[in-house]
Amino acid sequence: MIVAMQETATEEQIQDVIEHLVRMGFSVHRTTGERQSILAAVGARVDFDTRNLEVLAGVEHVHRISAPYKLAGKAFRPEGTIVKFANGVKVGGDEVVVMAGPCSVESRDQLFTVAEQIARAGARALRGGAFKPRSSPYSFQGLGLEGLKLLREAGDRFNLLIISEVMEISQIELMMPYIDIFQVGARNMQNFNLLRELGKVRKPVLLKRGIAATIEELLLSAEYIMSGGNYDVILCERGIRTFETYTRNTMDVCAIPVIHKLSHLPMAADPSHGTGIRDKVAPMARASVAAGTDVLLIEVHHDPDKALSDGAQSLYPEQFSKLMDELRMIAPAVGRKLAPAAQLVRT
């Protein structure tokens, strides 16, 4: 249920409505927009009359939400969510933010080489796995804490946000000092215990769609995080598994406008995992921007033929630079623009 307060509602009136909802057995989540406060009442109770709330002082209107996701739904924040970072980057506004980097952190030289190249091309965040979930137990699993330290050092050196994947609850506290965004991979989209714990932290979470997940299931997974009080969630389309075998996954570009219609949360696209083939990444990245994505995740490696993971889908730095130039032309055609390049830190 959503309770929209009047623009002129006082803090006392808002608190009175919140207390009323709590007495009815609801858990209440409040968001304050530009014009009014919105109260999302979440709970299993269905035997209530909305008129009992509509007569309370300061209430503009009340309506039930039929969708199973309450906080992730459009009604909770009709104006949309903008995830803000200390360095001025905003996800969910007019700007398209590009996050790029290698699949995994392999060495200091590798990471710093790629980080400098993507920063000069205009990326605002460095992606890279310190902990790598791999299908084979014999594949490279990441550098762990050493990888996190290298990511933070590179981020500070080139003025880039850091996004890296968290695989289990025990890694959350370890990662906190080093990263700016927790990434939840497709394999963990329905790891509900992990999602609940991420709801308790106050750092943004990028949640990837599972390979066989519906859009509703993705939104319900976001609900787990938001129900803990962390509303800074970015959803990500990274391809789903279909009967097609030519590409690694089937990039569901249509999910971008669908989710924008259903949810207030920013939307990301990962064409690297969405296709798994280097020469298909740029076309799907261009299509994703045209479809309205707020974020692009792109894998870039200075020597992808020798990459320890996902080399076949990683762009060469010169390909990434060319793609960024193309995106700067495409974004204005759909009323967007690329986030301006960061000022590199001088040494």
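Readers should treat all values here as calculations from the given coordinates under stated rules, not as data from a laboratory. In this text, all values refer to a predicted model and were calculated from it rather than measured experimentally. Heads up, the Cβs are rebuilt from the backbone with ideal geometry, glycines too, and the neighbour counts pull from every protein chain shown.
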Of all alpha-carbon pairs in the range 219-312, indicate the percentage at a distance above 17 angstrom.
-> 53
Which listed pairs, of LYS200/LYS306; LYS90/LYS208; LYS84/LYS208, have C-alpha distances above 29 Å, in listed order = LYS200/LYS306
Sorted on mean Cβ neighbours within 10 Å (highest first), peptides 171-181, 116-126 come out as 116-126, 171-181
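Taking 8 Å as the Cα distance limit and 6 or more residues as the minimum spacing, I'd like the relative contact order of the chain as a percentage. All intermediate terms of the calculation are to be shown ahead of the outcome.
Details: 753 pairs, mean separation 60.8, N = 347.
In percent, rounded to a whole number, it is 18.
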Beyond 28 Å (Cα-Cα) in this structure, taken from LYS132/LYS261; LYS280/LYS337; LYS203/LYS280, we find LYS132/LYS261; LYS203/LYS280
Residue-averaged [θ]222 nm for the chain, counting only DSSP H segments that reach four residues, each worth -39500 (n - 2.57) = -9500 deg cm²/dmol
Sorting CYS103, THR32, ALA57 by the position of each Cα along the dipole of the chain (Lys, Arg +1; Asp, Glu -1; all at Cβ), the one nearest the positive end of that ordering is CYS103
Taking every other residue with Cβ under 12 Å from the Cβ of PHE76 and scoring Lys and Arg +1, Asp and Glu -1, one gets +2
Go ahead and set up a Gaussian network model of the chain, Cα springs under 10 Å, then flag whichever of LYS208, LYS261, LYS74 fluctuates most.
-> LYS261
The chain, Cα convex hull volume normalised per residue, Å³ | 143
Chymotrypsin sites (Phe, Trp or Tyr not before Pro) within the range 99-172: which are DSSP loop residues with at most 13 other Cβ atoms inside 10 Å?
-> TYR138
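Which net charge results when you count Lys and Arg as +1 and Asp and Glu as -1 among the other residues whose beta-carbon is under 14 Å from that of GLU11?
-3
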Starting from the Cα coordinates of the range 146-197, work out the convex hull volume and express it per residue in Å³.
-> 72
Compute the relative contact order of the range 137-192 as a whole-number percentage, counting only Cα pairs closer than 8 Å that sit 6 or more residues apart in sequence.
-> 33
Binned at 10 Å starting from 0, the alpha-carbon pair-distance distribution of the range 2-64 in whole percents comes out as 23, 62, 14, 0
